[in-house]
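See structure below.
The values are calculated or read from the model by the stated rules, or taken from the named source; none is laboratory data. None of these values were measured; they are calculated from a predicted model. Here the Cβ positions follow ideal geometry from the backbone for every residue, glycine too, while neighbour counts run over all protein chains shown.
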Amino acid sequence: MNSIEPDSAVYRTLLESTKAIPWKIDWATATFAYIGPQIEQLLGWRQTSWGTVNDWAERMHPEDRDRVVNFCVSQSQSGVDHEADYRALTANGEYVWIRDVVHVVRDGEGNVESLIGFMFDITERKKTEEALLTLQKELEVLSFRDGLTGVANRRKFDSVFDNEWNEARRNVQPLSLIMFDVDHFKRYNDHYGHIEGDDCLKRVAQSLSSVATRPRDFFARFGGEEFVLLLPATDEVAAKAVAERCRQAVFKAQIPHADSPVGQLLTVSMGVGTVIPSATDDPVQFVESVDRRLFQAKRGGRDRIELGAA
């Protein structure tokens, strides 16, 4: 393991002066013919400790080992040049990210003779990629969140609704939807001001979302003073019971509304719909039908639940 080629002194000097770590593996014996001395600075393992490919594999993160070893072996057996990223164990027990760039060398008959390549430290690059991925996820979460109330927004509702509609149709299960409208919210804003109006919507959202207790129950702000609660695998009787709990939750919040014709406390009107989707049903028409029931609840006196035909 002390020579890379008989006439390569100049090349060795050049290679060992870079941060890239050169190496060579003899395919027949699966042993290292050479590895650059830079390996000691990067991983802490002595240059002479790299005897076989087992040393390479054992100094790899357990979560990466099978994936990387199997990939590299299969690609090498096929004579295909390749790259692999993995976490390498340092002598002090930490991990750094490595990228191995591998070239397969064949003999005159086309058989694999050796592997030569370079190890690159890509730890900082991986940290940057992970930071960007985290930021991307955070931005995605924000794009699906209502900026005022903190609950899911209309965009997220549309996505979840499409998924639950398809799931309900596939499993022949009921899907229920409750639509809410804060009663006389314009009067509330005119009487208390828009800052208090914003706080009111936050309190309403908090009260209604507390009723969505099952993992797949989904609550969102639909727009303005309207909210929606999607209830998968829920029939009409159960949906009505949930709607009543929502009405009680808003009542328990005890939000004053001195200018409401309905009473001294803020109330909500609700439209409720249930469907077992079939191939001929239209999800948009279903939402519109529930919205019409909400309108009927408002026209019928507000602070009520409307389940009748829309």
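So is GLN254 free of Cβ contacts under 8 Å to residues at least 24 places away in the same chain, on the phi > 0 side of the Ramachandran plot and either of a type in the set (A, V, I, L, M) or surrounded by fewer than 21 Cβ atoms within 10 Å (Cβ to Cβ) (or both) or not? It is true that GLN254 is free of Cβ contacts under 8 Å to residues at least 24 places away in the same chain, on the phi > 0 side of the Ramachandran plot and either of a type in the set (A, V, I, L, M) or surrounded by fewer than 21 Cβ atoms within 10 Å (Cβ to Cβ) (or both).
Among the residues of region 38-80, the one identified as β-branched (Val, Ile, Thr) and part of a loop (DSSP other than H, G, I, E, B) is VAL80. Within region 285-299, residues that are free of Cβ contacts under 8 Å to residues at least 24 places away in the same chain and in the same structural domain as MET270 (by TED's automatic domain parsing) sit with their Cβ atoms under 7 Å from residues that are surrounded by fewer than 19 Cβ atoms within 10 Å (Cβ to Cβ) and among the small types (Gly, Ala, Ser), at 6+ positions apart or across chains, in these pairs: SER289/ALA310; ARG292/ALA310. Contact map, region 43-62: first residue without any contact (Cβ under 8 Å) to a residue 60 or more places away in the chain, second residue aromatic (Phe, Trp, Tyr) and in a helix (DSSP H, G or I), Cβ cut-off under 9 Å, separation 6 or more or different chains; pairs are TRP50/TRP56. The residue pairs whose first member lies in region 179-195 and is part of a helix (DSSP H, G or I), whose second member is among the polar types (S, T, N, Q) and surrounded by 12 or more Cβ atoms within 10 Å (Cβ to Cβ), and whose beta carbons are closer than 7 Å, counting only pairs six or more residues apart or on different chains, are ARG187/SER260. Examine region 128-151 for a residue that is touching a Phe, Trp or Tyr at 6+ places or on another chain (Cβ under 7 Å) and either within 30 Å of GLU236 (Cβ to Cβ) or in the same structural domain as GLY79 (by TED's automatic domain parsing) (or both), and state whether such a residue exists. Scanning region 128-151 turns up at least one residue that is touching a Phe, Trp or Tyr at 6+ places or on another chain (Cβ under 7 Å) and either within 30 Å of GLU236 (Cβ to Cβ) or in the same structural domain as GLY79 (by TED's automatic domain parsing) (or both).
The C-beta contact set for region 157-178 (first residue touching a residue at least 60 places away in the same chain (Cβ under 8 Å), second residue among the aromatic types (Phe, Trp, Tyr) and buried (at least 21 other Cβ atoms within 10 Å of the Cβ), distance under 6 angstrom, 6+ apart or interchain) comprises VAL160/PHE218. Looking at this structure, is GLU226 within 17 Å of ASP146 (Cα to Cα) and surrounded by fewer than 21 Cβ atoms within 10 Å (Cβ to Cβ)? Yes; evaluated as a whole, the condition is true for this residue. Scan region 80-122 for residues that are among the β-branched types (Val, Ile, Thr) and within 33 Å of the chain's Cα centre (by Cα) and the total you get is 6.
Within the bounds of region 210-222, is there any residue that is touching a residue at least 24 places away in the same chain (Cβ under 8 Å) and assigned to a helix (DSSP H, G or I)? There is no residue in region 210-222 that is touching a residue at least 24 places away in the same chain (Cβ under 8 Å) and assigned to a helix (DSSP H, G or I). Looking only at residues in region 83-107 that are in a strand (DSSP E or B) and farther than 16 Å from ARG65 by Cα, which one is modelled with the lowest pLDDT? Filtering first and then ranking leaves ARG106.
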